[in-house]
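**Student:** What follows is a structure written as structure tokens; I'll ask about it next.
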Amino acid sequence: MKTWIIAAETGVGTLADQARELGGTVTAVTVGNLPIAGVDETIAIELEATAPAEVAAPSVAAAIDAEPGDVVLAPNRPAERVLAGAVAAKLGAPVLTSVKSLQAGSAQVSKAGGISLDNVTFDGTVVAILDGGVQPAGEVPEAVTFGAKDYTATISAIEQAEVESVNLGSAERVVAAGRGFKEQDDLQLASDLAEAIGGEVACSRPLSEGLGWMQRDQYVGVSGQVIAPELYFAIGISGQVHHTAGILESGTIVAINNDETATMFEDSDYGIVGDLYEVIPQIVAALNE
Ligand SMILES: Cc1cc2nc3c(=O)[nH]c(=O)nc-3n(C[C@H](O)[C@H](O)[C@H](O)COP(=O)(O)OP(=O)(O)OC[C@H]3O[C@@H](n4cnc5c(N)ncnc54)[C@H](O)[C@@H]3O)c2cc1C
């Protein structure tokens, strides 16, 4: 039995550890020559610097020569989801999404954004998409270059989107803003705190989907991102289950809310009852001292 890992970028994550627990040889198949720690071998697929990782999907599928019983793991990120789909199609294997844990022949997958868990059994090859990523730190095997299969996609134009790229799934610290923020410009407060703690900024759904103040891939919850950072700040967020389903596996949760009855406090390790406009500047000032 072999375990394969698909990676289009590195970051904080434990996929290699999970692969080791499954047993057998662990092979990373990377788009670009990525340093992946904790695996036995790496097969790197070369790609033009300007090409998006997704165009390498046929090459990734060709490189993964999985046999019945093998498991293919992919981080839950846009590019890797596309690559995993191509691999599953080639292998005729099922894709398991929202995987929380995995053993040989069975997996626990979360339903409705983590509100409940289901046990799934499988035989044959399976492709599993998990939260997390692959670590560049530690012992890294030298990559073997895979002869890239010609891809048919060509880049006809590149338009730079006026948005910042966020990688919430890999972030160790996240500052999430909710409707307690009165104006879009006030989100600078959340950015200041995120910068002070070395984290990313996220939000509740209304800020992305209703108000359009933040990107869609920045909201957390049952219909957004499910994340598990070491530290999660929920600021001006009431704590409805649709939101908290996306963060309950975080290490430490801190809530800031001016309503002492907010349900967010029930799911938090630490709570500050206060006006975010007063509390955040004080925390940032203390951190920057
Ligand atoms: C099918 C479905 C799926 C959904 N999926 C998601 C999802 O994935 N993610 C998600 O987030 N939501 C989701 N929702 C929406 C969810 O139910 C809530 O409506 C939403 O999470 C509320 O966002 P909020 O907490 O930012 O806003 P609110 O509920 O309006 O809460 C704002 C909070 O800010 C506090 N506040 C106000 N002023 C201040 C201040 N000055 N200082 C400090 N605190 C202040 C208030 O006391 C309040 O608790 C979904 C809903 C449905 C029906």
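**Student:** Could you tell me which numbered condition residue 272 fails, if it satisfies all but one of (1) crowded, with 17+ Cβ neighbours inside 10 Å; (2) on the phi > 0 side of the Ramachandran plot?
**Tutor:** (2)
**Student:** Go through region 228-278 and give me each residue that's within 18 Å of residue 115 (Cβ to Cβ), in contact with a Phe, Trp or Tyr (Cβ under 8 Å, 6 or more places away or on another chain), within 12 Å of the ligand (Cβ to nearest atom) and at pLDDT 95 or above.
**Tutor:** Of everything in region 228-278, just one residue is within 18 Å of residue 115 (Cβ to Cβ), in contact with a Phe, Trp or Tyr (Cβ under 8 Å, 6 or more places away or on another chain), within 12 Å of the ligand (Cβ to nearest atom) and at pLDDT 95 or above, namely 239.
**Student:** Also, quick follow-up: Going through 218, 225 one at a time, which residue ends up being within 10 Å of the ligand (Cβ to nearest atom), closer than 15 Å to residue 167 by Cα and crowded, with 19+ Cβ neighbours inside 10 Å?
**Tutor:** Among 218, 225, only 225 is within 10 Å of the ligand (Cβ to nearest atom), closer than 15 Å to residue 167 by Cα and crowded, with 19+ Cβ neighbours inside 10 Å.
**Student:** Further, regarding this structure: Might you check whether a residue that is modelled with pLDDT of 80 or more and surrounded by 15 or more Cβ atoms within 10 Å (Cβ to Cβ) occurs anywhere in region 148-165?
**Tutor:** no
**Student:** Return the residues of region 194-211 that are without any contact (Cβ under 8 Å) to a residue 60 or more places away in the chain and either more than 14 Å from the ligand (Cβ to nearest atom) or among the polar types (S, T, N, Q) (or both); say none if nothing qualifies.
**Tutor:** 194, 195, 198, 199, 200, 204, 208 - these are the residues of region 194-211 that are without any contact (Cβ under 8 Å) to a residue 60 or more places away in the chain and either more than 14 Å from the ligand (Cβ to nearest atom) or among the polar types (S, T, N, Q) (or both).
**Student:** Which numbered condition in (1) within 14 Å of residue 79 (Cβ to Cβ); (2) aliphatic (A, V, I, L, M); (3) buried (at least 20 other Cβ atoms within 10 Å of the Cβ) is the only one that residue 63 fails?
**Tutor:** That leaves (1) as the condition not met.
**Student:** Any idea which of 221, 246, 169, 236 is farther than 16 Å from residue 76 by Cβ and either touching a strand residue (DSSP E or B) at 6+ places or on another chain (Cβ under 8 Å) or not polar (S, T, N, Q) (or both)?
**Tutor:** The match here is 236.
**Student:** To continue, here is another question. Those residues that are among the small types (Gly, Ala, Ser) and surrounded by 15 or more Cβ atoms within 10 Å (Cβ to Cβ), I need them from region 80-100; list them, please.
**Tutor:** Selection gives 84, 85, 86, 88, 93, 98.
**Student:** Mind listing just one residue for me: the one in region 14-43 that is in a loop (DSSP other than H, G, I, E, B) and in contact with a helix residue (DSSP H, G or I) (Cβ under 6 Å, 6 or more places away or on another chain) and, of those, modelled with the lowest pLDDT?
**Tutor:** Only one residue fits best here, namely 38.
**Student:** Considering only residues of region 102-135 that are touching a residue at least 40 places away in the same chain (Cβ under 8 Å) and surrounded by fewer than 16 Cβ atoms within 10 Å (Cβ to Cβ), which is nearest to the ligand (Cβ to nearest atom)?
**Tutor:** Filtering region 102-135 for residues that are touching a residue at least 40 places away in the same chain (Cβ under 8 Å) and surrounded by fewer than 16 Cβ atoms within 10 Å (Cβ to Cβ), the one nearest to the ligand (Cβ to nearest atom) comes out as 112.
**Student:** Of the residues 63, 51, only one is in the same structural domain as residue 17 (by TED's automatic domain parsing), modelled with pLDDT of 90 or more and over 17 Å from residue 131 (Cβ atoms); which?
**Tutor:** 63
**Student:** Taking residue 253, is it crowded, with 21+ Cβ neighbours inside 10 Å and in contact (Cβ under 8 Å) with a residue 40 or more places away in the chain?
**Tutor:** So residue 253 fails the test.
The values are calculated or read from the model by the stated rules, or taken from the named source; none is laboratory data. Here the structure is a predicted model, which means the values were calculated and not measured. Glycine gets a Cβ as well: all are built from the backbone with ideal geometry, and neighbour counts include every protein chain shown.
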